[in-house]
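Structure, as structure tokens:
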Amino acid sequence: MGISSSAQNEGRLAASSTMDEREASFTSIVLSERSIIGLALLRIFVGYLWFQQLFWKLPPSFAGLYPYIVRETKYTFVPGYSYVLQHTFLLGCTSTHSAAGCTLFVPLAAGVWMAELVVSVSLLFGLFTRLGAILSIILALQLYAGLSTSPGEWYWTYGMLVLLGFALITVPAGRRLGVDQWLSPRLQAAADSSRIARWLSWLV
């Protein structure tokens, strides 16, 4: 009995030691204040990047966007994507050089412009940063699908935009140098009694 009990104890110790080693290998990494500030600066840089892109396709005509939509229909590598663009943005268009005759281009282009404005404000000011990052990924994926294989384009340009968006989702980059720093504790305090606050708290 003594030998059996000793063997059992040794087995438990070995199992406990193995579990401790596993837990140690998956220990949470806590970012330093300097790292968080660095990510906040990265967030602001990405926000400013999106903000700059608003000025070459300004309302009310959004004319600067039109040639890029035309290029996407020619060079996209995604099957069916050209068909979708031709029957939405380019529906009724009579020229490849201007939006003359287009029935849906202006309202759809306005939607793209507003989406990029939301991304810019979200990332520049750290306001619901993860929402802005998610939206930036969607916009960047659309650009990647349409333009990455276009002549004169470097496909990694849009790929890096996608990766930057993912980087800003994984960390709460708006909780330093951003409005999320003020919003986060208030939403977390309300999360126990409000499902909406619980959802919103993930976006900051």
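The values are calculated or read from the model by the stated rules, or taken from the named source; none is laboratory data. These figures come from a predicted structure and were not determined experimentally. Every residue, glycine among them, receives a Cβ derived from its backbone with ideal geometry; neighbour counts consider all protein chains shown.
Listed values, structure above:
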read-out: Pairs with Cβ under 7 Å, 6+ apart, first in region 126-143 and on the phi < 0 side of the Ramachandran plot and assigned by TED's automatic domain parsing to the domain that holds residue 162, second of a type in the set (Lys, Arg) and in a helix (DSSP H, G or I); value: 129/43
read-out: Unmet criterion (only one of (1) free of Cβ contacts under 8 Å to residues at least 40 places away in the same chain; (2) more than 21 Å from residue 79 (Cα to Cα); (3) loosely packed, with under 15 Cβ neighbours inside 10 Å) for residue 202; value: (1)
read-out: Test result for residue 34, among the charged types (D, E, K, R), over 21 Å from residue 143 (Cα atoms) and not in a loop (DSSP other than H, G, I, E, B); value: yes
read-out: Some residue of region 184-195 being assigned to a helix (DSSP H, G or I), within 19 Å of residue 53 (Cβ to Cβ), free of Cβ contacts under 8 Å to residues at least 24 places away in the same chain and touching a Leu at 6+ places or on another chain (Cβ under 9 Å); value: no
read-out: Odd one out for residue 118 among (1) in contact (Cβ under 8 Å) with a residue 24 or more places away in the chain; (2) under 24 Å from residue 46 (Cβ atoms); (3) surrounded by 16 or more Cβ atoms within 10 Å (Cβ to Cβ); (4) not aromatic (Phe, Trp, Tyr); value: (1)
read-out: Search result, residues across region 30-88 that are among the small types (Gly, Ala, Ser) and touching a residue at least 60 places away in the same chain (Cβ under 8 Å); value: 40, 47
read-out: Restricting region 135-156 to residues that are over 22 Å from residue 113 (Cα atoms) and among the hydrophobic types (A, V, I, L, M, F, W, C), the residue that is farthest from the chain's Cα centre (by Cα); value: 154
read-out: Yes/no for residue 163 being aliphatic (A, V, I, L, M) and more than 12 Å from the chain's Cα centre (by Cα); value: no
read-out: Out of 130, 186, 176, sole residue that is basic (Lys, Arg) and closer than 30 Å to residue 81 by Cβ; value: 130
read-out: Filter pass, residue 78 being under 25 Å from residue 119 (Cβ atoms), in the same structural domain as residue 117 (by TED's automatic domain parsing) and in contact with a Cys (Cβ under 9 Å, 6 or more places away or on another chain); value: no
read-out: Filter result (within 24 Å of residue 69 (Cα to Cα), buried (at least 23 other Cβ atoms within 10 Å of the Cβ) and among the hydrophobic types (A, V, I, L, M, F, W, C)) within region 121-136; value: 133
